[in-house]
Amino acid sequence: MENRFSKSAPLVGVLAIQGDYSAHISILRGLGAKVREVRKSEDIDDITHLIIPGGESTTIRKVAYEDGYWDKLAQFPGPVMGTCMGSILMATDIENPKSIGWGMLDITIKRNAYGRQVHSFTDYGKIALSDEPFEMIFIRAPKITRIGEDVKPIAWLGNEITGVISGNKIALTFHPELSADYIFHKHFLGLE
Amino acid sequence: MLEDKDFKVKVGLAEMLKGGVIMDVTNAEQAKIAEEAGACAVMALERVPADIRAEGGVARMADPKIIEDIKEAVSIPVMAKCRIGHFAEAQVLEALEVDFVDESEVLTPADESNHIDKFKFKVPFVCGCRNLGEALRRIGEGAALIRTKGEAGSGNIIEAVRHMRAVNDAIRRITTLDDEQLMSEAKHLGAPYELVKYIKLNGRLPVPNFAAGGIATPADASLMMQLGAESVFVGSGIFKSSNPSVRAKAIVLATTHYKDPKLVGEVSKSLGEAMKGLDISQIPEEQLLQTR
C-alpha cells in the first residue's frame with residue numbers, strides 16, 4: 001500500500017478493552033495508518049490519535065481500573081474520535097444513569113436514548129463533510145441533549161444533532177465504522 | 001439478505017458486544033453483580049445449565065417477571081433464552097424488549113426439526129453451532145450472532161474448543177477451494193450456497209462468532225479468544241463457583257487481556273473453587289445438550 005501521508009504516518013490507538021474496535025482497525029489499516037490496540041495504560045504513551053469505539057461504557061469503566069489509566073485517557077491531548085459509546089465517555093455530563101465523562105467536549109449526552117435494541121435503526125442523515133446523505137447506524141444509541149459554546153455540530157438526523165466537533169475532538173452518536181463510507185476516518189487522519 | 005437494513009442493525013449490536021463477557025443470571029441481584037464485574041451483557045434464564053442438568057425436567061423460557069426485574073436492574077444489554085423452534089416464546093421475549101434472543105439448546109427443544117424463522121423478528125438472535133454447516137444454516141435463518149455450543153453446564157472446555165476449531169478449519173478449507181467446488185461444498189455442509197460463497201470471498205463468517213459452553217476460568221476465556229472467539233458467554237461457571245463476583249471480574253479482565261498470560265495468571269490467583277465440572281464421557285449420550 002502506498003503511503004498517503006506526507007510526513008510520518010500517524011500511530012492511531014484504538015481502545016480495545018471491549019466493543020467494535022476491530023471494525024475501526026480494519027478501516028484505519030485500509031487507509032494506510034499504523035494502528036495499535038489500546039488495552040493497557042502504557043499503550044497510550046506514543047500514539048498520535050485515539051479512537052473510542054462503540055461498546056458498553058460500564059464495562060470500559062470497570063476494566064480501565066489501574067491507577068492513572070482513566071485520567072490518561074481523559075487527558076489525551078491529540079485528536080480523538082468517539083463513536084456511540086465513545087461519544088458518551090468524551091462528554092462532560094452523562095444522563096441515564098447520571099455520571100461524569102472525560103469532558104473532552106462540553107456536551108451533555110443521554111445513554112440508550114432511543115430505547116432498547118428493537119428501537120435501533122439505520123437512516124440517512126446530513127454531515128458537514130459532504131453534500132451526500134450519510135448512512136447513520138444507531139445501536140442502542142445515545143442522544144446529545146446539550147452542546148456548549150465552543151462545540152460545533154457536524155452531523156444531523158432531521159433536526160437532531162448526531163455529531164459534534166470541538167478543537168481536535170469529534171463525537172458521533174452513530175457508527176461510521178459500520179458503514180461503507182470512510183469519510184469520517186479520512187477526515188480524522190487528515191486525508192481529506 | 002446480508003445487505004438487508006434490519007439485518008445490519010441486528011449484527012451491529014453483536015459487533016458492540018465483541019471483546020466482552022456475557023454472563024448467565026437468574027435474578028436481578030446476580031445481574032447487578034455481573035454488571036459491576038464488567039459484563040458487556042447478561043443472559044436471563046430461570047436456571048443455569050448446571051442446575052438444568054442436575055434437576056432434569058423441561059427447561060423453558062424464564063418467567064417474564066424475572067426478565068423485567070433484570071432489565072430494570074442493569075443498563076447493559078439483556079438477552080434471554082427461548083427453546084429451539086418455539087417462536088411464541090421468542091415473540092414474548094421480543095414484546096418484553098430484550099436486546100437479544102438466544103434460541104438455545106440449553107432449554108428443552110420445542111421442535112425437533114425446525115428452528116425459528118429469525119428474519120420475521122426485529123430483535124436479533126444468537127444460535128449455537130458445532131460446525132460450519134450448522135452455523136451457516138442458523139445464519140441462513142437470520143441469526144445475527146453465532147456461538148459455539150460447547151457442552152453447557154459441564155464446566156469442561158473441551159467441547160467448545162472442538163466446535164471453535166471445527167468452524168475455523170472449515171472456513172479455512174473453503175478459502176482454498178476453486179469457485180467450481182463451492183456448490184458441492186454447500187451440499188456437503190448442508191449450508192446455503194450464497195453463504196459458502198461469502199466465506200470463500202471474505203475468509204470469515206458474515207456475523208460475529210463467540211464462544212460458549214464450558215467456560216469456567218480466566219484461562220478458559222483466554223484460550224477461546226486465542227482460538228478465534230470474539231467474545232465469551234459464561235453460563236454456570238460464575239454463579240456455580242464459590243466467589244462469583246471475584247471470578248466474574250477475573251474472567252472479564254482475562255477476556256480483554258487474553259494475549260497477556262502474565263495478567264491472566266495474576267487475575268487467576270485465589271479465586272476460590274471453580275465449579276466442579278463433568279467429564280464429557282461420563283455424561284450419558286441422551287443427556288448431551290449439544291446434539292439438540
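Some notes on this structure:
- Interatomic Cα distance distribution for the protein assembly as shown, bins of 10 angstrom, percent: 4, 20, 31, 27, 14, 3, 0
- Between A:Gly19, A:Gly115, A:Gly125, the residue with the greatest mean-square fluctuation in the GNM of chain A (Cα pairs under 10 Å linked by springs) is A:Gly115.
- For A:Gly13, residues with placed amide H under 5 Å, excluding near neighbours: A:Arg36, A:Thr48, A:His49, A:Leu50, A:Ile51
- Averaging over all projection directions, the Cα-based convex hull of the range B:137-245 occupies 7.1 nm² in the image plane.
- The local environment of B:Ser281, defined by Cβ-Cβ distances under 13 Å, has a net charge of -4 under the rule Lys, Arg +1 and Asp, Glu -1.
- Within the range A:11-189, percent of DSSP bridges classed antiparallel, to nearest 5: 55
- Most fluctuating residue given options A:Lys62, A:Lys143, A:Lys169, as computed from a GNM of chain A linking Cα atoms under 10 Å: A:Lys62
- Comparing B:Met61, B:Met224, B:Met16 in a Gaussian network model of chain B (Cα springs below 10 Å), the most mobile by mean-square fluctuation is B:Met16.
- Degrees separating the helix B:28-37 axis from the principal Cα axis of chain B, which is the longest one: 80
- Considering all C-alpha pairs of the range B:25-147, those separated by over 24 Å amount to 24%.
- Debye, to nearest 20: dipole size of the protein assembly as shown, +1 on Lys, Arg Cβ, -1 on Asp, Glu Cβ: 520
- Considering only B:Cys82, B:Val252, B:Gly56, and ranking their Cα positions along the charge dipole of the protein assembly as shown that arises from unit charges at the beta-carbon of Lys, Arg, Asp and Glu, the one farthest toward the positive end is B:Val252.
- Diffusion coefficient, µm² s⁻¹, Stokes-Einstein with Kirkwood Rh over alpha-carbon pairs of chain A at 10 °C and 1.306 mPa s: 96
- Peptide B:248-254 shows a mean partner chain C-beta count of 2 within 10 Å per residue C-beta.
- Note on the range A:92-111 and the range B:220-288: Cα centroid distance 34 Å, given to the nearest whole angstrom.
- Other-chain or far-sequence residues with amide H under 5 Å of B:Phe125's (modelled H): B:Val101, B:Ala144, B:Leu145
- Mean-position separation - Cα centroids, the range B:45-82 and the range A:69-89, in angstrom: 35
- Cβ-placed point charges (K, R +1; D, E -1), dipole of the range B:170-292 about Cα centre in debye, nearest 20: 380
- Residue by residue along B:188-199, Cβ atoms of other protein chains within 10 Å of the local Cβ number 0 on average.
- For B:Thr148, distant residues with modelled amide H under 5 Å away: B:Cys129, B:Phe210, B:Ala211, B:Ala212
- Alpha-carbon gyration tensor eigenvalues x 5, square-rooted, for chain B, Å: 28, 22, 18
- When you count the other C-beta atoms within 10 angstrom of each residue and take the mean per peptide, A:25-35, B:117-127, B:67-77 line up highest first as B:117-127, B:67-77, A:25-35.
- Within 10 Å of each Cβ in A:133-139, the average number of Cβ atoms from other chains: 3
- A cut-off under 13 angstrom between Cβ atoms defines the neighbours of B:Ala221, and their net charge, with Lys, Arg +1 and Asp, Glu -1, is 0.
- Nearest-20 debye value, the range A:11-189 charge dipole, Cβ charges on Lys, Arg, Asp, Glu: 320
Values quoted throughout were computed directly from the atomic coordinates according to the rules given, and no laboratory measurement underlies them. These numbers come from a predicted model, not from an experiment. Glycine gets a Cβ as well: all are built from the backbone with ideal geometry, and neighbour counts include every protein chain shown.
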